[in-house]
Amino acid sequence: MERRAAQRRAPRPLLLMLFAVLACAPPLARALPSKVSRGVAVPFVFDPHAVCSPPCQHGGLCIRNATCFCARGYEGELCQHATCYPKCKNGGKCLRPGKCRCQPGYGGRYCHKVSCEGGCQNGGECISANGMVKCICASGWTDSRCQEAICPQGCRNGGACVAPGICSCAAGWVGGACHLALCRLPCHHGGKCIAPDVCRCRSPYSGLQCTKRIKE
Ligand SMILES: *[C@@H]1O[C@H](CO)[C@@H](O)[C@H](O)[C@H]1NC(C)=O
C-alpha cells in the first residue's frame, strides 16, 4: 500500500498541469450562470494521497480515492475509453482520441463513408443498398471487386481472359477464343492443323506434315 502511494505521487508534471487547470477554472465559472458556477469553480477536491486501484489509465490523475480526472480525449471511471468527436458512425469503435475503427464496409475518418475493402477495380463503383456494400462493375468486368474481365466468346485451350473480349492464349494457340492451333510446319495435301504442331491428314496421306503417301 505504501509503495502504491509513492508511485501515485511520482508524476509531478501532471500535478502542475492539474493546478494549471484549477487556475483556469474561475474565469470559466464567471462566464456561466451562478447556479452552475459553484460546481465549476471548484471542479474537484484534490487529495495528493488519494489511492485509485485499479489505476487511472491514459494519463488520468487520481484526484480522490477511486476517482480519476481524465486527460483530454478520454473518459470513463478509469479513463479507459477514448472519445471521438464526431462520434464513430455505423458501428465504428473509438480506438484512440479522434481515431475510429470502422465496421467492414465502412471507411473515412468517422466511418461515415461506404467502403468496398480493396476498392472496386476497372471503373467499378462502390454502393450501399439495404445495408449491403458492393461493387457495381463497369461493362465487361465482373466478380466482387470487378477484377475479372468477361470474354463472351470464351477463352479455350488454356487461354485466359485478360480484358473484356480479349484472350491471352497458351503457346501454340491463336484466334479470338484461342480456338486455332498453330503448326509451325504446314500440313500438306489438305491436312488440317488440329493441335499445336499436329496435322490431321486426309487419306491417303500420313506423316507429321501429311507428306507420306500410304500405298494401298
Ligand atoms: C483513501 O484510501 C486510503 C487507503 O485505502 C485511506 O488510508 C485514506 O484514508 C483514504 N482517504 C480518504 C480521504 O478517504
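Here, each number is a calculation from the coordinates, and none is a lab measurement. This is a predicted model, so every value here is computed, not measured. As a convention, Cβ positions derive from the backbone with ideal geometry for all residues, glycine included, and neighbour counts pool all protein chains shown.
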Does GLY124 satisfy the criteria of being over 30 Å from CYS84 (Cβ atoms) and within 18 Å of the chain's Cα centre (by Cα)?
yes
Quick one: what pairs do we get from segment 48-60, first residue more than 18 Å from GLY76 (Cβ to Cβ), second within 16 Å of the ligand (Cβ to nearest atom), C-beta under 6 Å, 6+ apart or different chains?
VAL51/ASN65
Residue count, segment 41-95 (criterion: within 16 Å of the ligand (Cβ to nearest atom) and either under 28 Å from GLY105 (Cβ atoms) or among the polar types (S, T, N, Q) (or both)):
3
Condition first: in contact with a Phe, Trp or Tyr (Cβ under 7 Å, 6 or more places away or on another chain) and either surrounded by 15 or more Cβ atoms within 10 Å (Cβ to Cβ) or not small (Gly, Ala, Ser) (or both). Can you find one or more residues in segment 135-146 that meet it?
no
